Amino acid sequence: MSQRIAVCPGSFDPITVGHLDIIKRASSLFDKVIVLVVINPNKHPSFTPDERVEMIKEAVDGMLNVEVDLYCGLLIDYVRNIGAVAIVKGLRAMSDFEYEFQMALTNKKMLPYAETVFLTTTANNMYLSSSLVKQVAMFGGDISDFVPRCLHNRIKERLFCSPETL
Ligand code: ADP
């Protein structure tokens, strides 16, 4: 039987333990998971696409069926070309729902055989987002509960702004 591949798309600017939890859970449901850093021209990221890919690769090291890729374009074109059957998204709160629902229906219309699978966040990660991590790190706060351990220092050093520079 052919491999069942899922794509986990996002900005991952930077990857958080909330993302990592969704990736891990997706990897137990599918034969292969591709974590896809999607370039969104409407966002102004803090980390370059290559930096984000590199950090995710470090964070998923040891997860044997997880790969990381970078993409600029229409998500369903990537999904079709790679032969994936699903798009996996994490849902934190009602605030995520409306946008995600709209995206899922649009993608379904364009590529009917691909399913969007929503995994509900783990309660501990419900409030967690990349932008929250950035705000805390910028002012020197403790981000150790929010990002994968192997990336603490890198993210902290990269984002910290001393008050004199603000
Ligand atoms: P953000 O919304 O924080 O900028 P991304 O665009 O990188 O994050 O999101 C990629 C995917 O990860 C989305 O499906 C998003 O809902 C999910 N996600 C982000 N943070 C969490 C979290 N704390 N718990 C569960 N899912 C999450």
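The values are calculated or read from the model by the stated rules, or taken from the named source; none is laboratory data. The shown structure was predicted, so the numbers you read here are calculated from the model rather than taken from an experiment. Positions of Cβ are backbone-derived with ideal geometry, glycine not excepted, and every protein chain shown enters the neighbour counts. The accessibility values were calculated without ligands, DNA or RNA, using every heavy atom of the protein model including side chains. Shrake-Rupley method; radii C 1.70, N 1.55, O 1.52, S 1.80 Å.
Within region 20-28, the presence of a residue that is within 12 Å of the ligand (Cβ to nearest atom), farther than 11 Å from Leu70 by Cα, in contact with a Ser or Thr (Cβ under 8 Å, 6 or more places away or on another chain) and free of Cβ contacts under 8 Å to residues at least 40 places away in the same chain is excluded. Among the residues of region 12-31, those identified as open to solvent by 30 Å² or more (accessible area, probe 1.4 Å) and part of a helix (DSSP H, G or I) are Val17, His19, Asp21, Lys24, Arg25, Ser28, Leu29.
Going by the conditions given, is Gly62 under 14 Å from Val38 (Cα atoms) and open to solvent by 40 Å² or more (accessible area, probe 1.4 Å)? Judged against the criteria, Gly62 is not a match.
Looking at Ile82, Ile34, just one residue is surrounded by 15 or more Cβ atoms within 10 Å (Cβ to Cβ), within 16 Å of the ligand (Cβ to nearest atom) and over 22 Å from Ser131 (Cβ atoms), and that residue is Ile34. Can you spot a residue in region 117-139 that is away from the ligand (no atom under 15 Å from the Cβ) and of a type outside the set (Val, Ile, Thr)? Yes, region 117-139 contains a residue that is away from the ligand (no atom under 15 Å from the Cβ) and of a type outside the set (Val, Ile, Thr). Ala114 fulfils the conditions (1) modelled with pLDDT under 95; (2) surrounded by 14 or more Cβ atoms within 10 Å (Cβ to Cβ) except for a single criterion, (1).
Within region 37-59, the set of residues being at pLDDT 95 or above, among the basic types (Lys, Arg) and open to solvent by 40 Å² or more (accessible area, probe 1.4 Å) comprises just one member, Lys57.
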